[in-house]
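Report on one structure; see the data block that follows.
Every read-out reported here was derived from the displayed coordinates using simple, explicitly stated rules and does not represent laboratory data. Remember, it's a predicted structure, so these values are computed and weren't measured experimentally. No Cβ is skipped: glycine too gets one built from the backbone with ideal geometry, and neighbour counts run over all protein chains shown.
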Amino acid sequence: MILPILKYGHPMLRQKGARIERITPEVVKLIDDMLETMRAATGIGLAAQQVGHALQLTVLDVRGVKDRPSTLERVGQPADVDAAMPLVLINPQVTPAGPSVPGPEGCLSFPEIFEEISRPETVEVTALNRDGQTFSFKAGGLLARAVQHEADHLNGILFIDRMALKDKQALKPTLEELQAATKAALSQQGGGAK
Ligand code: ZN
């Protein structure tokens, strides 16, 4: 089932996700719905907060992007990126490493907004997969960027928080418009805007 993606201004996007203690059928269904929703939106990552759940859960799939390479290592060995996709990360521990590199970034909760964001060039990740098994990997390139972007979502952090101040200033009218539209839609629905 394709889920509605919450936009900037929705309070859920600022909530820190709770750890998932048990992979219930509801969690499995949410994972499947998130994968379907991400594909439908042609995104490379989606966090649970973006579909209304404050949980430590994100899905990623960088296969569609050919012009911005990703690297993957498992147990110290280079691994095939495409074969590892889609990635389901439950309760991920993400450790960024290396110098910060700028790169273009967008977010499904901020339609049509793209900006250069600086982030460390690699990440080490340990997480549970959808079967509840612990796995670890090291990523570089686009995948490292995407993992950091999604891990931020799980802590209520948005890419606008990582933007250079001048870029965020330049986007201010657009961001205010988006936030106002989201809040107006929420108050029409009633209830949601807590
Ligand atoms: Zn995002």
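With charges only on Cβ, +1 for K and R and -1 for D and E, what is the dipole size of the chain about its Cα centre, in debye, rounded to 20?
Dipole magnitude for the chain comes out near 420 debye.
What residues qualify as long-range amide H neighbours of I113, i.e. H under 5 Å apart, gap of 5 or more or another chain, H built at 1.01 Å from N?
C107
Explain nothing, just the number: dipole magnitude of the range 1-102 about its Cα centre with +1 on each Lys and Arg Cβ and -1 on each Asp and Glu Cβ, in debye rounded to the nearest 20.
With Lys and Arg at +1 and Asp and Glu at -1, about 320 debye.
Amide H to amide H under 5 Å from A18: which residues, 5+ apart in sequence or cross-chain, H placed 1.01 Å off N in plane?
L55, Q56
Can you flag which of K16/K138; K29/K138; K7/K166; K16/K166; K16/K66 are past 29 Å Cα-Cα?
Values: K16/K138 24 Å; K29/K138 27 Å; K7/K166 22 Å; K16/K166 27 Å; K16/K66 32 Å.
Correct reply: K16/K66.
Tell me what the chain gives for mean residue ellipticity at 222 nm when only DSSP H runs of n ≥ 4 count, each as -39,500 (n - 2.57), the sum divided by the residue total, rounded to 500 deg cm²/dmol.
Numbers: 4 runs with 59 residues, N = 194.
The per-residue figure over the chain is -10000 deg cm²/dmol.
Can you work out the Karplus-derived ³J(HN,Hα) for every residue in the range 38-45? Use 6.51 cos²θ - 1.76 cosθ + 1.60 with θ = phi - 60°, whole Hz, and x for glycine or proline.
In residue order, the calculated couplings are 4, 5, 4, 8, 6, x, 9, x Hz.
Based on alpha-carbon centroids, what's the gap between the range 121-150 and the range 48-103 in Å, whole number please?
Using only Cα atoms, the two centres lie 4 Å from each other.
Can you list the aspartates and glutamates whose alpha carbon sits under 19 Å from that of K172, skipping same-chain ones fewer than 8 residues off?
E105, E112, E115, E116, D161
For the range 95-176, give the magnitude of the charge dipole about the Cα centre (Cβ charges: +1 Lys/Arg, -1 Asp/Glu; no others), in debye to the nearest 20.
120 debye
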